[in-house]
Amino acid sequence: MITLALALSLLAAQGGWTWTLYEGEGPVVLAHEIPDTPQLRAVLECEPGSGVARLDLYGSGATAGIATLTSGDAAGQAESVAAGDHRSVPIRSDHPVFGNFVLTGDLSVAVADRAQSVEVQPAHLAKLRRFAELCGG
């Protein structure tokens, strides 16, 4: 059993960054964030059962264009849209890239000369799997 002190020390070691799953009314959201702040690195969002997730990436500049997504040996492309301080990329839940991402927690997104990685640590993979389960079409 993790004590509160241990949990806080783990969060402090990561600079407060954690993965949080929001489900209930409305869209399902998995956010890489510092809780109770507006600081985000990545957000996965979908309507339950839609079969399509939107990945919003923060911190690398908003670049529009064709995005190359890779996870393990799976690769695919999607249209990246620049939206203010982030870029958005749709990912189908039945695509092999998404399947590998759910298994490994590792995803790379490259648009033009800018690449960004998303890493879901092993302790948070259950949240990613739950997100995928709720979004599946």
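The values are calculated or read from the model by the stated rules, or taken from the named source; none is laboratory data. Computed from a predicted model, the values in this text were never measured in an experiment. Here Cβ is always computed from backbone atoms with ideal geometry, including for glycine, and neighbour counts include all displayed protein chains. Quick note on the areas: whole protein, heavy atoms, side chains included, nothing else; ligands and nucleic acids left out. Shrake-Rupley method; radii C 1.70, N 1.55, O 1.52, S 1.80 Å.
Of the candidates Glu79, Glu133, Glu25, the single residue that is in a strand (DSSP E or B), surrounded by fewer than 14 Cβ atoms within 10 Å (Cβ to Cβ) and not basic (Lys, Arg) is Glu79. Taking the numbered list (1) open to solvent by 40 Å² or more (accessible area, probe 1.4 Å); (2) of a type in the set (Gly, Ala, Ser); (3) without any contact (Cβ under 8 Å) to a residue 40 or more places away in the chain in turn, Ala112 passes all entries but (3). Take Glu133 and decide whether it is modelled with pLDDT of 95 or more, touching an Asp or Glu at 6+ places or on another chain (Cβ under 9 Å) and among the acidic types (Asp, Glu). For Glu133, the condition - modelled with pLDDT of 95 or more, touching an Asp or Glu at 6+ places or on another chain (Cβ under 9 Å) and among the acidic types (Asp, Glu) - is not met.
Residues in the stretch 111-131 that are within 17 Å of Val89 (Cα to Cα) and of a type in the set (Val, Ile, Thr): Val111, Val118.
Results for (1) modelled with pLDDT under 95; (2) within 29 Å of Asp113 (Cβ to Cβ); (3) among the hydrophobic types (A, V, I, L, M, F, W, C), shown as yes or no for each residue.
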{"position": "Gly15", "(1), (2), (3)": "yes, yes, no"}
{"position": "Leu21", "(1), (2), (3)": "no, no, yes"}
{"position": "Glu25", "(1), (2), (3)": "yes, no, no"}
{"position": "Val28", "(1), (2), (3)": "no, no, yes"}
{"position": "Ala31", "(1), (2), (3)": "no, yes, yes"}
{"position": "Pro38", "(1), (2), (3)": "yes, yes, no"}
{"position": "Leu44", "(1), (2), (3)": "no, yes, yes"}
{"position": "Ala53", "(1), (2), (3)": "no, yes, yes"}
{"position": "Ala62", "(1), (2), (3)": "yes, yes, yes"}
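For the stretch 55-73, residues that are crowded, with 17+ Cβ neighbours inside 10 Å and not polar (S, T, N, Q) total 7.
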